[in-house]
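Asks: Before I ask anything, here is the structure I am working with.
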C-alpha cells in the first residue's frame, strides 16, 4: 500500500462516525419498538452529548491533533514503512495505549471526571458509545497522537483508529443480541467482557480496560469474566446522579471534585483530590474500588 492509496482510505474512514451514528439509531429504534429499554431519555442524552462533544473535535482536530501528529512524524525516531508487520505493531501499540489511558481514566480523579461520563448510562446499548464528556478532546487523543514519533505515518493511525473505534462500538451492543463467547474472550474484548467494565456491582469495579484485545487485562491482572450468578447493574456508584440529565452526566462529577478541593484543609490535600483515585479523601484515605471489589469477592467466595 502506498501513501496515496492510504490517504484515500483514511479519507473514507474519516466518515466512520456517520456509520457509528447510523448503527446507534438503528439499534435504538429496534429497542424502542420492542420496549426492551426503560430509560429512553438516557439514549437521547447520550446522543446529545456526542453532538456537543464533536464541536471541539471539529474546531481543534487539524491544529491540535493532526498538526501535532505530522510534526511528531517529522521528528520520528525510526523509519517504518507500510509493511504488514508494521501495521500489526501499530495496532498493538495503539490498543495497549488505549488500555493504559483508560486505566488512568479510572485511577486519576480529574480524568475520571472526563471518562466517568461514559459510565453514567444505566442501560447498555450502542448509544452508550456516544455518551462522552464535552472535555474528551483533551483526553482521548492521547490514545494515538504520540504514535508518529515512533515512525508510524499519521495516515496509518487515521486508518487504525476508526477501525478500532468501530470494533469498540460493537462491544456496547445490547445483551439482547449478543451473549457470551468464552473462547473469544481469551484474546478479544467481547460485549460480555465490556459489559463487566460498565458494571457498578462491587465485584466488577475497575475491571476490563481493553478496547480490542483482552490480553492486556490478563497480563496486568485486571480481567474479570461475567459471573452467571451476578447480574450486571450498569452505571456508577453514585446515589444522586441522574443518568437522564445532561447536566448531571456532564458536570456533577466536576462539581463534587470542586467541593472536595474547596473543603480540603491543606494545599497538598487539594492537589491529592485532583490526582488520587475516586473515593479517596483526606480524612482516612477513603474507600476506593479495590476495597469494594475485594470485599465483594470474599463475601461471594469468588477467586
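The values are calculated or read from the model by the stated rules, or taken from the named source; none is laboratory data. Since the structure is predicted, the reported quantities are computational estimates derived from the model, not experimental observations. All Cβ positions, even for glycine, are placed from backbone atoms using ideal geometry, and neighbour counts span all protein chains on display.
Asks: Look at residue 76 and say whether it is assigned to a loop (DSSP other than H, G, I, E, B) and either out of contact with any strand residue (DSSP E or B) (no Cβ under 6 Å at 6 or more places or on another chain) or under 30 Å from residue 32 (Cβ atoms) (or both).
Replies: Spelling it out, residue 76 is indeed assigned to a loop (DSSP other than H, G, I, E, B) and either out of contact with any strand residue (DSSP E or B) (no Cβ under 6 Å at 6 or more places or on another chain) or under 30 Å from residue 32 (Cβ atoms) (or both).
Asks: Condition first: surrounded by fewer than 18 Cβ atoms within 10 Å (Cβ to Cβ), without any contact (Cβ under 8 Å) to a residue 40 or more places away in the chain and in contact with a strand residue (DSSP E or B) (Cβ under 7 Å, 6 or more places away or on another chain). Can you find one or more residues in region 175-198 that meet it?
Replies: Looking through region 175-198, at least one residue is surrounded by fewer than 18 Cβ atoms within 10 Å (Cβ to Cβ), without any contact (Cβ under 8 Å) to a residue 40 or more places away in the chain and in contact with a strand residue (DSSP E or B) (Cβ under 7 Å, 6 or more places away or on another chain).
Asks: Using the structure shown, decide if residue 128 is touching a residue at least 12 places away in the same chain (Cβ under 8 Å), part of a helix (DSSP H, G or I), surrounded by 23 or more Cβ atoms within 10 Å (Cβ to Cβ) and out of contact with any strand residue (DSSP E or B) (no Cβ under 8 Å at 6 or more places or on another chain).
Replies: On the way: touching a residue at least 12 places away in the same chain (Cβ under 8 Å): yes; part of a helix (DSSP H, G or I): yes; surrounded by 23 or more Cβ atoms within 10 Å (Cβ to Cβ): yes; out of contact with any strand residue (DSSP E or B) (no Cβ under 8 Å at 6 or more places or on another chain): yes.
Spelling it out, residue 128 is indeed touching a residue at least 12 places away in the same chain (Cβ under 8 Å), part of a helix (DSSP H, G or I), surrounded by 23 or more Cβ atoms within 10 Å (Cβ to Cβ) and out of contact with any strand residue (DSSP E or B) (no Cβ under 8 Å at 6 or more places or on another chain).
Asks: Taking the conditions exactly as written (assigned to a loop (DSSP other than H, G, I, E, B) and closer than 30 Å to residue 73 by Cβ), does residue 152 satisfy them or not?
Replies: Taking the combined requirement at face value, the residue satisfies it.
Asks: Taking the condition out of contact with any strand residue (DSSP E or B) (no Cβ under 6 Å at 6 or more places or on another chain), surrounded by fewer than 20 Cβ atoms within 10 Å (Cβ to Cβ) and in a helix (DSSP H, G or I), does residue 66 pass?
Replies: Criteria met by residue 66.
Asks: Of everything in region 215-247 that's in a helix (DSSP H, G or I) and buried (at least 18 other Cβ atoms within 10 Å of the Cβ), which residue is farthest from the chain's Cα centre (by Cα)?
Replies: 215
Asks: Being in contact with a helix residue (DSSP H, G or I) (Cβ under 8 Å, 6 or more places away or on another chain), more than 17 Å from residue 114 (Cα to Cα) and at pLDDT 95 or above narrows it down to one residue among 219, 205, 268, 257; which is it?
Replies: 205
Asks: Go through (1) surrounded by fewer than 16 Cβ atoms within 10 Å (Cβ to Cβ); (2) in contact (Cβ under 8 Å) with a residue 24 or more places away in the chain one by one and return the number of the condition residue 284 breaks.
Replies: (2)
Asks: So, in region 77-122, how many residues would count as being over 18 Å from residue 144 (Cα atoms) and surrounded by 21 or more Cβ atoms within 10 Å (Cβ to Cβ)?
Replies: Of the residues in that region, 9 qualify.
Asks: Read through the list (1) touching a helix residue (DSSP H, G or I) at 6+ places or on another chain (Cβ under 9 Å); (2) at pLDDT 95 or above; (3) part of a helix (DSSP H, G or I), then give the number of the only condition that residue 297 fails.
Replies: (2)
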